[in-house]
Amino acid sequence: MIPKGTKLLCLVLCLGQRIQAQDRNFSIPTISAVPGSVVPWNETVKILCKGAPESYLYHLKILRNSKYQQVNEILGYQKEAAVFTIHPMDANSAGNYRCQYRSYKGWSEHSDALDLVVTDTMNQDYTMENLIRMIVAGLVLVALLAILAEDWHSRRVLHKEGRQDLAETSCSKQKCQTEWTLQPAPNGHLADTWKC
Ligand SMILES: *[C@@H]1O[C@H](CO)[C@@H](O)[C@H](O)[C@H]1NC(C)=O
């Protein structure tokens, strides 16, 4: 819990800073990306920082480890805006950017944040490849399961049939034995009377 005093102090300070900034008649710089903030990997992107006519120094910052670190600076008066060129675009260049300018009045406030996103065409290909691989693996798995199920089913049927066969043979043996006992062989050969 933050003590009330601290909160109040912050409020006063923050308000004070705002009033001071307004007093100095600073306009907040505007940041934009050309051609856009979604950039294909290895392409070029320009970050425009538009300040006031009297600004003579521009800083571009990126958010790293929850702190804004300076990436680049442009010194000199600009007609329209300071142009920071980022090339080649990669994962390191992607991130949250802000800019700031300096005039004889001092440093301006930070601009709004600009999120630069890199689209990795190679990764997209990998994704597609992985998808195909997964589908193939899935089909193989299904085929394997089908084979296993088929095998299990036929084993069960065989087992049943086997038991039936066993029952039948023992039954016919009994019959034969009964017949044999009922009809003793006239010639003495036991095998002749087996009528299985
Ligand atoms: C990156 O872009 C440069 C041109 O700016 C090109 O020469 C290079 O081949 C590209 N690299 C890849 C891996 O596409």
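The values are calculated or read from the model by the stated rules, or taken from the named source; none is laboratory data. None of the values given here were measured: they were computed from a predicted structure. FYI the Cβ positions are ideal-geometry reconstructions off the backbone, even for glycines, and counts take in every protein chain you see. What goes into the accessible areas is simple: the full protein's heavy atoms, side chains included, and nothing from ligands, DNA or RNA. Shrake-Rupley method; radii C 1.70, N 1.55, O 1.52, S 1.80 Å.
In the stretch 69-83, is there at least one residue being within 16 Å of the ligand (Cβ to nearest atom), among the aliphatic types (A, V, I, L, M) and in contact (Cβ under 8 Å) with a residue 24 or more places away in the chain? Within the stretch 69-83 (the criterion being within 16 Å of the ligand (Cβ to nearest atom), among the aliphatic types (A, V, I, L, M) and in contact (Cβ under 8 Å) with a residue 24 or more places away in the chain), the answer is no, since none of the residues qualifies.
ASP112 meets each of the listed conditions (1) modelled with pLDDT of 55 or more; (2) among the charged types (D, E, K, R); (3) touching a Lys or Arg at 6+ places or on another chain (Cβ under 9 Å); (4) more than 30 Å from ALA91 (Cα to Cα) apart from (4). Take TYR58 and decide whether it is under 18 Å from SER27 (Cβ atoms), touching an Asp or Glu at 6+ places or on another chain (Cβ under 7 Å) and at pLDDT below 95. So TYR58 fails the test. PHE84 fulfils the conditions (1) modelled with pLDDT of 95 or more; (2) under 32 Å from the mean Cα position of the chain (by Cα); (3) open to solvent by 70 Å² or more (accessible area, probe 1.4 Å) except for a single criterion, (3). Summed over the stretch 33-65, residues that are within 28 Å of the chain's Cα centre (by Cα), open to solvent by less than 50 Å² (accessible area, probe 1.4 Å) and more than 16 Å from the ligand (Cβ to nearest atom) total 6. Of all the listed residues (ASN96, ASN92), the sole one being loosely packed, with under 14 Cβ neighbours inside 10 Å, in a strand (DSSP E or B) and within 27 Å of the chain's Cα centre (by Cα) is ASN96. For the stretch 66-81, enumerate the residues that are more than 37 Å from the chain's Cα centre (by Cα), loosely packed, with under 12 Cβ neighbours inside 10 Å and not small (Gly, Ala, Ser). Once the filter is applied, which keeps residues that are more than 37 Å from the chain's Cα centre (by Cα), loosely packed, with under 12 Cβ neighbours inside 10 Å and not small (Gly, Ala, Ser), the stretch 66-81 yields LEU75, LYS79, GLU80.
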